[in-house]
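Asker: Mind looking over this structure? Questions follow.
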Amino acid sequence: MKEIELRFRLNGEEQRLTVPSNVTLLHVIREHFGLMGTKEGCGEGECGACTVLMDGRPVTSCIILAEEADRHDIMTVEGLMKDGKLNRLQQAFLDEGAVQCGYCIPGMLMSAQGLLNENPHPTSQEIRKGIEGNICRCTGYNRIVNAIHKASQDEGDS
Ligand code: FES
Ligand code: FES
């Protein structure tokens, strides 16, 4: 298998690595960097569990080849914390009781962060649209929508 050399930013830090050309971004995030917050669900781009931000926008990392991340800025759920503190979205998910089993939550958070990056004060309808690619098997959507709405109204820098 051909090997490729990559350079990209991951959670704010420059990274360089060489990987086989057929590995996914999800594989690199979990297996190379050991960042286990990003989950694998369907592996086919359908459930949103593997969502990360690429240049501030949500992408499903299970169907993106690692080479597509070359020269881009990648953020995983681990990158949301600032100075060891939860960001306002993470805090709102806790405050609103939006976390049940938790499996979908990293992907939900990243889709929500991507939405707030583009639209800091979304309506409930816009929030539902923003997370429509993320499946919650515990079907806690109302609380998740409430949490994102609350975070969008909180003062804060992220
Ligand atoms: S694991 Fe990537 S979308 Fe389901
Ligand atoms: S909280 Fe369990 S899948 Fe969403």
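The values are calculated or read from the model by the stated rules, or taken from the named source; none is laboratory data. Only a predicted model underlies this, so the values are computations on that prediction, with no experimental measurement involved. Every residue, glycine as well, gets a Cβ built from its backbone with ideal geometry; the counts of neighbours run over all protein chains shown. SASA here: full protein model, heavy atoms, side chains in, ligands and nucleic acids out. Shrake-Rupley method; radii C 1.70, N 1.55, O 1.52, S 1.80 Å.
Asker: Calculate what fraction, in whole %, of the accessible area of the chain sits on carbon and sulfur atoms when a 1.4 Å probe is rolled over the protein chains.
Answerer: Carbon with sulfur: 45 percent of the solvent-accessible area.
Asker: Further question on the same structure: Using the Karplus equation 6.51 cos²θ - 1.76 cosθ + 1.60 (θ = phi - 60°), what ³J(HN,Hα) coupling, rounded to whole Hz, does each residue of the range 62-73 give in order, writing x for Gly and Pro?
Answerer: 6, 10, 10, 6, 4, 5, 6, 7, 4, 6, 10, 10
Asker: Same structure, new question: Contact order normalised by length for the range 80-153, with contacts defined as Cα pairs under 8 Å and 6 or more residues apart; what percent is it?
Answerer: Normalised by residue count, the contact order of the range 80-153 is 45 percent.
Asker: Which of the three applies to the chain, rounded, prolate or oblate, going by the alpha-carbon gyration tensor with a ≥ b ≥ c and a/c under 1.5 meaning rounded?
Answerer: prolate
Asker: Convert each backbone phi in the range 12-22 into a coupling constant with the Karplus relation 6.51 cos²θ - 1.76 cosθ + 1.60 (shift: θ = phi - 60°), then list the ³J(HN,Hα) values in order as whole Hz, x for Gly and Pro.
Answerer: x, 10, 5, 10, 10, 7, 10, 9, x, 5, 9
Asker: Now, a different point. How many Å² of accessible area per residue for the chain, probe 1.4 Å?
Answerer: Roughly 54 Å² per residue, with all protein chains present.
Asker: Taking Cα pairs under 8 Å and at least six residues apart, what relative contact order does the chain come out at, in percent?
Answerer: 23
Asker: Within the chain, what is the longest stretch that has no GluC sites (Glu not before Pro) placed in a DSSP loop and near at most 16 other beta-carbon atoms within 10 Å?
Answerer: By the stated rule (loop sites, at most 16 other Cβ atoms within 10 Å), 47-131.
Asker: Between residue 10 and residues 5 or more places away or on another chain, which pairs have amide H atoms under 5 Å apart, with H built 1.01 Å from N, and which residues are they?
Answerer: So residue 10 has HN proximity to 15, 74.
Asker: Can you list which of the trypsin sites (Lys or Arg not before Pro) found in the range 59-158 are DSSP loop residues with at most 15 other C-beta atoms within 10 Å?
Answerer: Passing sites in the range 59-158 are 71, 137.
Asker: Just the number, please: percent antiparallel of the DSSP beta bridges in the range 3-77, rounded to the nearest 5.
Answerer: Taking every DSSP beta bridge with both residues in the range 3-77, the antiparallel ones total about 90 percent.
Asker: Also: How many nm is it between the label spots at residue 83 and residue 142, if each spot is 7 Å from the Cα in line with the beta carbon?
Answerer: In this crude label model, residue 83 to residue 142 measures out at 3.7 nm.
Asker: Take the alpha carbon gyration tensor of the range 1-53, find the square roots of its eigenvalues, order them as a ≥ b ≥ c, and report rounded if a/c is under 1.5; if not, report prolate when a/b exceeds b/c, else oblate.
Answerer: In terms of gyration-tensor shape, oblate.
Asker: Sticking with this one: Most mobile of 101, 47, 62 per a Gaussian network model of the chain (Cα springs, under 10 Å)?
Answerer: Maximum fluctuation in the GNM of the chain, among the listed residues, is at 101.
Asker: Shifting gears a bit: With springs only between Cα atoms under 10 Å, which of 109, 89, 17 fluctuates most in a Gaussian network model of the chain?
Answerer: 17
Asker: Name the shape class, rounded, prolate or oblate, that the alpha-carbon gyration tensor gives for the range 55-97, where a ≥ b ≥ c are the square roots of its eigenvalues, rounded holds for a/c under 1.5, and otherwise prolate holds if a/b is larger than b/c and oblate otherwise.
Answerer: prolate
Asker: OK, next. Give the residue from 12, 28, 60 lying farthest towards the positive end of the charge dipole for the range 3-77; charges sit on Cβ (+1 for Lys and Arg, -1 for Asp and Glu) and the dipole is referred to the Cα centre.
Answerer: Result: 12, furthest along the dipole toward the positive end.
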